Amino acid sequence: MLLDANKNICETASGNIFWVKNGEIFTPSKDLALIPGSIRERVIKLCKVKQGKFKIDVLKKADEVFMTNVSHLVLPFTEIKLFSKKYKI
């Protein structure tokens with residue numbers, strides 16, 4: 001998981017991150033330090049996605065977390081490693 005200097009979620013080491021909470025989909029805003037991938041843009045176009053600045057704690061409370069990239073398109077997470085800590089999803 002890559003965070004910016006303000007500890008906002010930006011992306012994963014190999015793709016863009018999304019999470020679902022109460023039926024809503026979230027992802028970091030494009031004005032953060034991330035690479036806006038083509039699959040990310042496709043998900044945003046197809047789904048109603050809320051973009052913004054979020055801290056890592058939101059992922060602990062998420063119902064579902066997944067990443068997108070051109071290799072896997074969509075890949076679900078079961079845990080997240082951050083600074084040697086593991087968070088179960």
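Compared with the direct C-alpha span, the chain from Glu24 to Leu2 gains 5.7 nm at full extension, assuming 0.36 nm per residue.
How big is the C-alpha Rg of the chain next to the rule-of-thumb value 2.2 N^0.38 Å, as a ratio?
Numbers: Rg = 11.9 Å, N = 89, 2.2 N^0.38 = 12.1 Å.
Expressed relative to 2.2 N^0.38 Å, the Cα Rg reads 0.98.
Given a 1.4 Å probe and heavy atoms of the protein chains only, how would you sort Val65, Val70, Val49, largest accessible area at the top? Provide the component values of the computation, followed by the final result.
Working: Val65 0, Val70 110, Val49 25 Å².
Order by accessible area, largest first: Val70, Val49, Val65.
Among the trypsin sites (Lys or Arg not before Pro) within the stretch 10-56, which fall in a DSSP loop and have no more than 10 other Cβ atoms within 10 Å of their own Cβ? Can you show the working numbers first?
Details: sites: Lys21, Lys30, Arg40, Arg42, Lys45, Lys48, Lys50, Lys53, Lys55; in loops: Lys30, Lys48, Lys53.
Sites meeting the loop and neighbour criteria: Lys48.
Note on Val70/Leu46: beta-carbon distance plugged into 1/(1 + (r/R0)^6) with R0 of 22 Å gives a FRET efficiency of 0.85.
What size of dipole, in debye to the nearest 20, comes out for the stretch 1-48 about its Cα centre when the only charges are +1 on Lys and Arg C-beta atoms and -1 on Asp and Glu C-beta atoms?
180
Projecting the Cα atoms of Ile39, Ala5, Ser29 onto the charge dipole of the chain (Cβ charges, centred on the Cα centre) puts Ala5 farthest toward the positive pole. Residues considered: Leu46, Leu59, Leu32. Largest GNM mean-square fluctuation over the chain, using C-alpha springs under 10 Å, is found at Leu46. Placing +1 on the Cβ of every Lys and Arg and -1 on the Cβ of every Asp and Glu, with no other charges, gives the chain a dipole of roughly 180 debye about its Cα centre.
The values are calculated or read from the model by the stated rules, or taken from the named source; none is laboratory data. Please read these numbers as outputs of a predicted model, since none were measured by experiment. Heads up, the Cβs are rebuilt from the backbone with ideal geometry, glycines too, and the neighbour counts pull from every protein chain shown. For accessibility, only protein heavy atoms count, side chains too; no ligands or nucleic acids. Shrake-Rupley method; radii C 1.70, N 1.55, O 1.52, S 1.80 Å.
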